[in-house]
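The values are calculated or read from the model by the stated rules, or taken from the named source; none is laboratory data. This one's a predicted model, so the numbers in the text were calculated from it and none came from an experiment. Cβ: placed from backbone, ideal geometry, glycine included. Neighbour counts: every protein chain shown. Remember, those area values only see protein heavy atoms, side chains included, never the ligands or the DNA or RNA. Shrake-Rupley method; radii C 1.70, N 1.55, O 1.52, S 1.80 Å.
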Amino acid sequence: KQEVTQIPAALSVPEGENLVLNCSFTDSAIYNLQWFRQDPGKGLTSLLLIQSSQREQTSGRLNASLDKSSGRSTLYIAASQPGDSATYLCAVEETSGSRLTFGEGTQLTVNP
Amino acid sequence: GAVVSQHPSWVICKSGTSVKIECRSLDFQATTMFWYRQFPKQSLMLMATSNEGSKATYEQGVEKDKFLINHASLTLSTLTVTSAHPEDSSFYICSATAGPYEQYFGPGTRLTVT
C-alpha cells in the first residue's frame, strides 16, 4: 500500500527566505507526482505535476524535483512571500487515471 | 484549464437527515470521478471511485449504503450522505479526470451535521 509522508508538518519563515518542502513515498512505481496548495477551508490548487519520466518542473518561483528511484520529491519556493502561506500537499498517482494518495501536508507560514 | 464545480459549497443538516452533494465537470467529459473526505487538519482520504454508468468502487472502511454515489452522466456525479451523523461532518472534495490526464479538483463542500 502506497504511503506518502511530508516533512516538516509545519514551517514558519520570514519573508524573502528560500525554502524546501519534502515529500517521500514508499512505492516508487508511480505514474506521476503532483504538488497542491490548499488555503484554509478551501479546495486544492494544483501547482506542479511531474510525470514519472521527468526529473523536475518549474513554475515561477516554484521548482519541484522528483527522484523516483529513492521515492522522494522536493518543492522549492524561492523568495517566499506572505501570500505563500498555505498548506502544501503532495500526492502520487500510481497508474494513469487512478486515485491520488496524499501526504499529510506541510503548513507554511511566511511572516512579513 | 478544466473546471470542476461542486454544489453546495457549504451545508448544515440535522442528524438523521440526508444530504446530496453534486460534482460537475463544466468543460470536459469525465470518465472517472473520485470522492475524497478531509477531516480538520488532516489530509485527503479517498472514499470512492466512480465511472460513468457503473457502480462506484468504495475504499475499505467506507460504508456504501451510507455514502451513495451516482455517476449518471459524463459531467455529473453525486454523493448522498444518508442518515447523517455529527461524525460525518467533514470537507468533501471531488475530482474528475478524462482518462490518462491530470485530475481536476472541485472547490469542496463543507458538511456540518448538528
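Expressed as a fraction of 2.2 N^0.38 Å, the rule-of-thumb size for a compact globular protein of N residues, what is the C-alpha radius of gyration of the protein assembly as shown?
The reported ratio for this selection is 1.02.
I'd like the residues of the stretch B:47-83 whose 1.4 Å-probe accessible area shrinks by no less than 20 Å² going from the isolated chain to the full set of protein chains.
B:59
Calculate the radius of gyration of the Cα atoms of the stretch A:1-80 to one decimal place, then report Dmax, the largest Cα-Cα distance, as a whole number, both in Å.
12.9, 39
Need one value for A:96-105: mean number of C-beta atoms belonging to other chains within 10 Å of its residues' C-beta atoms.
Neighbouring Cβ atoms belonging to other protein chains average 6 per residue here.
How large a share of the accessible area of the stretch B:1-105, in percent, is made up of carbon and sulfur atoms when the probe is 1.4 Å and the other protein chains stay in place?
Here it works out to 53 percent.
As a test of reading the structure, rank A:55, B:110 by solvent-accessible area (1.4 Å probe, protein chains only), most first.
A:55, B:110
So what's the gap between the Cα centers of the stretch A:85-104 and the stretch B:33-75, to the nearest angstrom?
16 Å
Among A:66, A:40, A:29, which residue has its Cα positioned farthest towards the positive end of the charge dipole of the stretch A:1-75, with +1 placed on the Cβ of Lys and Arg, -1 on the Cβ of Asp and Glu, and the dipole taken about the Cα centre?
Selected residue: A:29.
Which pairs, out of A:68/B:41; A:1/B:66; A:1/A:42; A:42/B:14; B:14/B:41; A:42/B:41, put more than 20 Å between their alpha-carbon atoms?
The answer is A:68/B:41; A:1/B:66; A:1/A:42; A:42/B:14; B:14/B:41.
Using protein heavy atoms only (no ligands, DNA or RNA), what is the total accessible area buried between B and A, 1.4 Å probe, nearest 100 Å²?
Its buried surface, counting both partners, is about 1400 Å².
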